[in-house]
Amino acid sequence: MDLYSDISSLKGIGEKTAALFHKVGVFSLYDLIYYFPVSHIRYPRPQKVSDIVPGVDTALKLSVLTKPSVAHIRGMSMVTFDAGDDTGSIKITYFNMPYIAKNIRIGDSKIWYGAVKARGSSYGMAQPRTFKEEEYESLIGEEMPVYPLTKHLTSRTVSRAVRQALEFFPKDQDYIPEDDRQRLGLAPLSESIYGMHFPSDDRHFLLSRERIVFDEFFSFLTSMKELKEDGVEHGNDFPMIEVAEASRLAESLPYRLTGAQKKAYDDIIRDMSSGHAMNRLIEGDVGSGKTIVVLLAMLTAVRNGHQAALMAPTEVLASQHMKKISGLMEDYDVKCVLLTGALTNKQKKEARRMIADGEADIIIGTHALITDLVEYKDLALCVTDEQHRFGVKQRETLQAKAGGKMPHVLVVSATPIPRTLAIILYGDLDISVMDELPAKRLAIKNALIRPDQRNKAYNFILKEVRKGHQAYVICPLVEPTDGKGGENALEYSELLRERWKDEVRVGMLNGRMKNQEKNEVMSRFSSGEIDVLVSTTVVEVGVDVPNSTVMMIEDAQSFGLAQLHQLRGRIGRGDSQSYCVFVDTSDKKEVSERLKVMQETNDGFDIASKDLGLRGPGDVFGIRQSGELGFRVADIYNDAALLKKASEYISSAGSNAYSMLHSMTEGGAARVVL
């Protein structure tokens, strides 16, 4: 057995458990060891109910006081009961775990661990972990990993599997020579991977994380450099000229293009008519009008006799692009085709036929656009979102689909990056910066509030709904999660439904829902059938509902400023005044100072620059599974020094950097996204 063995080859991983791992993208041992935890728990000593501090993860030794009751609400089960000690009691709730009721008996005494929330004058704990007293004693003070999960998959199951998989990771395998590694001050790769999962202490974790972050930056910067050189070497297989229809489309819009939009389009035309294949990044702030520039480029390709493809990160966004773009193309005799996983087999087959026959001019979809089953008649332009960070392997796939020719590639980013970092990240690429907003757009009004001011915010949302507008409420979590405090969409949507009864139609959206469910919820929100949408950050990129005028972001301190700005960009897209409310639940002065930046400006580039200097070292203890530029662990703001170090190392390594990169991807030495 080796790192590329199937996950089911591990002891205790049967067919059903393997299927759960597949849902979170883990198929092999290699996938598993790079499936890093989102946080670590250091279990505290149990305390009394009378000592509870709301919002803090707490261990309580409690006895069950009441018989569990099971309720079913909107397809969701909810088990509730009371438990307490000699100083008081709390209400315990489990969502979508009806079997729990059979295992809970009055008088049972256990250790309950989880985040305690205040509900009026009482306390509640949702989805707590339970332990026998002697079992919990052995865990006190230990660093326990908490993984991103799917239903029925537990952190304990993942942890046990990871320990087995790590036995097969070569202890001496490292793409960085030992002398270089010591000069760079980096830990060995095998030690770092172990430390990401099971650190002995905070220092061990930080050293391990530093190494993995360096690897991600090394991979990204080297692949970007290789991609640039690859495009120059191939020349221009699809030379194009500017077309009258593009100018006609721009003039027919109900607004004038900004100077930044015009310059970005001019850059694209210059690239596509030059002597080499285009490889351009359009970096634009939220609402700067990137989509129309992309459409002008695709229309240019079509009128030059070729096909153009737009690859979106989600099916929701792909469908939205399809609706908007096909509507604008009706007067130009341009055939637009959608290809996503949500289509029926018959629809997919017909879409692939139209693409292969050349009947489809503009093809819009997800990563399904570059799968083996799709063949293009004459693909000359591929537009991709940064979340599909386009690398060498994808470009080789496209080249094969284009009959060995090299299509033009346009990457669109909604992540404003400070110039100092952009030069390092994209120094070898062509960049167009769109830093202007349409003239008629009203500036969003912002408010930073404390938890005890929520009622005012709820009343304001209700007032806007009564005016006929809609609102978002953003939560950091999908559901109550052991080891992570913060509001979750599951409980929050029920809280708002109970508060507003039938007067406000509340919907819920999260990334764990099936694509068909997500599309249905967003469709209902877009059509006005949902007044308030409680969601996780799945709405962060591109979703466009002009009638939404309020966004309330819970636990705002758990997001980076750049991500808060991306979220805020979902409102302010219509003619009405819009408002964003940031709820700070941290009780930390330095956190409030950082969030005040969101009150002071709506300029994404200004926010990104300030974010670079305001995040503290404590922010890196939580490991993100996604973020700016799609890095799994790295953060371009917190880790700017490592980004510079990786860039300098690549320069000193010269051509050796490419062989090192390929040893990472082919030898399995590091998890990279190319």
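Please treat every number below as a calculation from the coordinates, not as lab data. Only a predicted model underlies this, so the values are computations on that prediction, with no experimental measurement involved. Heads up, the Cβs are rebuilt from the backbone with ideal geometry, glycines too, and the neighbour counts pull from every protein chain shown.
With the crude spin-label approximation of a point 7 Å out along Cα→Cβ, what separation in nm comes out for D430 versus R353?
Simple spin-label model gives 3.8 nm for this pair.
Quick one: if the Förster radius is 25 Å, what FRET efficiency do R270 and R248 give, using the C-beta to C-beta distance and rounding to 0.05?
Plugging the Cβ-Cβ distance into 1/(1 + (r/R0)^6) gives 0.80.
Under 8 Å for C-alpha pairs, at least 6 residues apart: give me the relative contact order for the chain, rounded to a whole percent.
14 percent
Which FRET efficiency, nearest 0.05, do E648 and E15 yield, Cβ-Cβ r, R0 56 Å?
0.70
Just to be sure I understand the model, the point goes 7 Å from the Cα along the line to the Cβ. What's the resulting Q577 to S527 distance in nm?
Placing both labels 7 Å beyond Cα along the Cβ direction yields 3.2 nm.
To the nearest 10 degrees, how steeply does helix 155-166 sit against the main Cα axis of the chain, on a 0 to 90 scale?
60 degrees
Kindly identify the range 235-434 as rounded, prolate or oblate by the Cα gyration tensor criterion: order the square roots of the eigenvalues as a ≥ b ≥ c, call it rounded if a/c is under 1.5, otherwise compare a/b with b/c, prolate if a/b is larger, else oblate.
The shape class here is rounded.
222 nm [θ] for the chain, helices only, -39500 (n - 2.57) per DSSP H run of 4+, per residue, to 500?
That calculation yields -12000 deg cm²/dmol at 222 nm.
At a Förster distance of 35 Å, what's the computed FRET efficiency of R119 paired with E167, Cβ-Cβ distance as r, to 0.05?
Calculated value: 0.15.
Hey, for a label at S109 modelled as a point 7 Å past Cα toward Cβ, could you say which residues of the range 119-147 have their backbone N under 20 Å away?
129-140
What does the C-alpha gyration tensor say about the overall shape of the range 312-354? Classify as rounded when a/c is under 1.5, otherwise prolate if a/b is larger than b/c, or oblate.
oblate
So what does the Cα-only Debye profile of the chain read at q = 0.11 Å⁻¹, as log10 I(q)/I(0), no solvent term?
Rounded to two decimals, the profile gives -1.27.
Do any chymotrypsin sites (Phe, Trp or Tyr not before Pro) in the range 93-164 lie in a DSSP loop with no more than 15 other beta carbon atoms within 10 Å, and if so, which?
Qualifying residues, ordered by number: Y99.
Is the C-alpha gyration tensor of the range 445-601 telling us rounded, prolate or oblate? Criteria: a/c under 1.5 is rounded; beyond that, a/b larger than b/c is prolate, otherwise oblate.
Rounded, since a/c falls under 1.5.
Please give the contour-minus-distance gain from K48 to E600: 0.36 nm per residue of separation, less the Cα-Cα distance, rounded to one decimal in nm.
194.5 nm
Taking the dipole about the Cα centre of the range 235-434, with the C-beta of Lys and Arg at +1 and of Asp and Glu at -1, give me whichever of C336, A368, M311 is farthest to the positive side.
A368
According to a simple spin-label model (label point 7 Å from Cα along Cα-to-Cβ), what is the distance in nm between S655 and K445?
Reported label-point gap for K445 and S655 is 6.3 nm.
Please give me, ordered by residue number, the GluC sites (Glu not before Pro) of the range 504-601 that lie in loop per DSSP and have at most 15 other Cβ atoms within 10 Å.
E529
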